[in-house]
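The structure appears below as structure tokens.
What follows is calculated from the coordinates using simple rules that are stated; it is not laboratory data. Because the structure is predicted, anything quoted here is derived from the model rather than measured. Glycine gets a Cβ as well: all are built from the backbone with ideal geometry, and neighbour counts include every protein chain shown.
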Amino acid sequence: MSTWVLFTLMVIVAIVMLYPFWYLVDNAFRSPGQFDRQSGHALSGWKELFANLPVGSQLINSTLVCVAAIAIILVVSTTAGFAFAKLRYRGSGTVFLLVVSALMVPLQSIIIPEYVNLAKIGLTNSYAGAVLVYAALGTPFATFLMATYYRGISDELIEAAVIDGLGYERTFLQIALPLSLPAIATVTVLQFIQIWDDLLVGLLFLPASQRTITAGLATLSAGRTTSIPALMAGSLISALPAIGVYLIFQRHLVKGLTLGMGK
Amino acid sequence: MSRIVLDSVTKQFPDGTTAVQSLDLEVGDGELLVLVGPSGCGKTTALRMVAGLEEVTSGSIYIDDRPVNDVEPRHRDIAMVFQSYALYPHLSVYDNMAFSLKYRKVAKSEIRQRVAEAARILELEPYLARKPRQLSGGQRQRVAMGRAIVRQPRAFLMDEPLSNLDAKLRVQMRAEIAQLQRSLGTTTIYVTHDQTEAMTLGTRVAVISGGVLKQAAAPQELYRRPANLFVAGFIGSPPMNLVDAAIERGDGGLTVVFGPHRLGVPAAVIAEHPALERHIGGQIVLGVRPENLHDAALVHDSDPAAIIELPVRLREELGSEVHIHGAIGTAAHVSGSESDDVHSLATMVARMDPRTAIREGQTARVQVDTTALHFFDRATGESIRR
């Protein structure tokens, strides 16, 4: 009985979740007229998209920014997380608290000072500026997650490696890092989705030639008339990489997200 | 081959707790020294200082006459076996054992040979390709041992290596560790809270309480001549019966009095404990091992001066022996600061021949082996001897 209730509920939730995606796919293959009538299919939306937007280069821009930012986030969060979790030094608790408190600062509230800062060192209108902003925004959460994960690795394991002759640097590289792959996968997926989908930083810090796909799509709808099918087609293209990354890492993702929920 | 010396080593943590206080210990070449004590007594901290995992607050540690206080753990050339085994979960059994050799730039062929040898000794050959999670507790324990053996280190440090195993396996692995250590002849410090493990394994046993070394001696010496109340109560199972008593000069010798009971102290015992004379008329703590209390009915030429009568509260059958719990009719000894760990009993436990007919509810006539009495200073807790 309860299984049926649960099953029905899950089906409803699944429909609610999947319908927008279906709507996106369905309407990506219509002309504006077909969209108004909600019948018939055509490829005109795609033609319009490619005619108005450098989709290929914007996808590459998105990828570059994402990969660079995530690389920085991973390097900082794994090393910092390990240090917070496993090394004892004066004031580590306070520093950790500072890092975690950065989690509570919303992007919108610091975007102007951020822009001013980057302008002062001449990094606006460049990949580097956007990458640094994304990395700075993603690192606190990633560090928190990695520290939590490393705390779950027994101290004795680290000490065994230290006695085995590794020193802390190599212990980190040889023992801690391979063991934290689930957490690394989690950070990667969450940050990828966040950065890939971000609009504000992309619009503010990147010149038109280096725009990400998300920012590009936003400009598509900025004209007086908006072609919904073209927008849908663009959204579909931009959604695919995120879905791909999610599918690749999903097994680890669950493991990483439920970490600390009992042994 | 090596010698480890701890010279008044003290460890104080930043929060002010003193885990180890001015510990002096020497572990001889090839010796297996067991550090034993209740949990939180500082024995693991002491071991971790030898390993280099904890800094020494004051005092010095020497490995082969070389001070190692400031030497990093990896340069101390010691191997450690942890309570949780601490096997690398992402590496196979082979790689776990070969791990440290790889980082010490040992030749590949030599690594293969050493791991194969260790696997043979520990009967791990069929499991070399497996991951630790695919092994049973006993096998993991063996891999942890193997990882220490292949290093051929100056010393093994073992931190409660058997406490995660079930009782039967623990006894088996205990014997294996003892044999292995003897055949390799590697200097070993072994930490445990289990006094049976300590007694059976140790060439010498160091009893620690509250960060202070209470006594370090060979197991038999520790059992026969405990230096103080703590060791007396800690070593032995069931523990030594300890009771507040008085020493009086009786007819021709000394008499020890507790509650309604009086025991004549034989001349030979007085000769062995000359300091007893100083306590005449004073208060002491009397110690009697359970096996030194016999059923008077089963003793051939029982000595009336050494018989006490105890109302029996409980009879416990253990098959090979029977434990009789008798009320002593007076308060048992409770020592001050370390009372948590000294079993203070309002009863005396006697370990008797299973043929004894003593039943619950009866009053037992108990013959005390007065040649094996222990006397302790009530103020200091030290054994009264010379």
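See the values below:
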{"item": "Over 22 Å [Cα-Cα, segment B:136-233], rounded percent", "result": "33 percent"}
{"item": "Rounded to the nearest 20 debye, dipole of segment A:1-140 from Cβ charges on Lys, Arg, Asp, Glu", "result": "460 debye"}
{"item": "Fully extended contour minus Cα-Cα distance, from residue B:90 to residue B:116, at 0.36 nm per residue", "result": "7.3 nm"}
{"item": "Three-way shape label, segment B:208-333, alpha-carbon gyration tensor, a/c 1.5", "result": "oblate"}
{"item": "Residue-wise HN-Hα coupling along segment A:125-138, computed from phi with Karplus coefficients 6.51, -1.76, 1.60 (Hz; x: Gly, Pro)", "result": "6, 8, 3, 4, x, 4, 4, 5, 5, 4, 5, 5, 6, x"}
{"item": "Cα pair distances of segment A:32-163 binned at 10 Å [whole percent]", "result": "10, 26, 24, 17, 14, 6, 3, 0"}
{"item": "Kirkwood hydrodynamic radius over Cα pairs of segment A:169-219, then Stokes diffusion coefficient at 20 °C and 1.002 mPa s, in µm²/s", "result": "164 µm²/s"}
{"item": "Residues of segment B:31-55 with amide N under 18 Å of the 7 Å Cα→Cβ point at residue B:200", "result": "B:32-37"}
{"item": "Shielding score for B:82-91, defined as the mean number of other chain Cβ atoms within 10 Å", "result": "5"}
{"item": "Debye log10 I(q)/I(0) for segment A:1-75, one point scatterer per Cα, at q = 0.18, 0.21 Å⁻¹", "result": "-0.86, -0.92"}
{"item": "Solution diffusion estimate, µm²/s, Stokes-Einstein, chain B, Kirkwood Rh from C-alpha pairs, 20 °C, viscosity 1.002 mPa s", "result": "92 µm²/s"}
{"item": "Partner chain coverage, peptide B:145-151 - average Cβ within 10 angstrom", "result": "1"}
{"item": "Debye, to nearest 20: dipole size of segment B:7-60, +1 on Lys, Arg Cβ, -1 on Asp, Glu Cβ", "result": "240 debye"}
{"item": "For segment A:1-137, with +1 on Lys and Arg beta carbons and -1 on Asp and Glu, the positive-most of A:33, A:51, A:125 along the dipole", "result": "A:125"}
{"item": "30 Å Cα cut-off, lysine pairs counted over the protein assembly as shown (separation 8 or more, or different chains)", "result": "20"}
{"item": "Efficiency of FRET between residue B:363 and residue B:317 - r from beta-carbon atoms, R0 25 angstrom, step 0.05", "result": "0.80"}
{"item": "Magnitude of the charge dipole, chain A, Cβ model with Lys/Arg +1 and Asp/Glu -1, debye to 20", "result": "120 debye"}
{"item": "Residues residue A:199 and residue A:228, FRET efficiency given R0 of 22 Å [Cβ-Cβ distance, rounded to 0.05]", "result": "0.75"}
{"item": "Estimated inter-spin distance, residue B:382 and residue A:67, nm [label 7 Å along Cα→Cβ]", "result": "7.6 nm"}
{"item": "Among B:216, B:240, B:35 the positive-end extreme of the charge dipole of the protein assembly as shown (Cβ point charges)", "result": "B:35"}
{"item": "Semi-axes of the equivalent ellipsoid for segment A:112-263, Cα gyration tensor, largest first, Å", "result": "38, 21, 11"}
{"item": "Over segment B:1-76, equivalent-ellipsoid semi-axes from the Cα gyration tensor in Å", "result": "19, 15, 10"}
{"item": "Segment B:34-151 - Debye-derived log10 I(q)/I(0), Cα point model, q = 0.21, 0.22, 0.24 Å⁻¹", "result": "-1.14, -1.18, -1.27"}
{"item": "For chain A, fraction of C-alpha pairs farther apart than 29 Å, in %", "result": "46 percent"}
{"item": "Amide hydrogen neighbours beyond the local backbone of residue B:214, cut-off 5 Å, H modeled", "result": "B:207, B:208, B:209"}
{"item": "Dipole of segment A:31-116, positive end: most advanced residue of A:112, A:60, A:80 [Cβ charges, Cα centre]", "result": "A:80"}
{"item": "Tilt relative to chain B, helix B:108-121 - C-alpha long axis, 0 to 90 degrees, to 10", "result": "30 degrees"}
{"item": "Test item: A:147-159 mean partner chain Cβ contacts at 10 Å", "result": "3"}
{"item": "CD proxy at 222 nm, helix term only [per DSSP H run n ≥ 4: -39500 (n - 2.57); per residue of the protein assembly as shown; nearest 500]", "result": "-14500 deg cm²/dmol"}
{"item": "Projected-area mean, the protein assembly as shown, by convex hull of Cα positions, square nanometres", "result": "43.9 nm²"}
{"item": "Cβ-Cβ FRET estimate between residue A:7 and residue A:248, R0 fixed at 22 Å, reported to 0.05", "result": "0.15"}
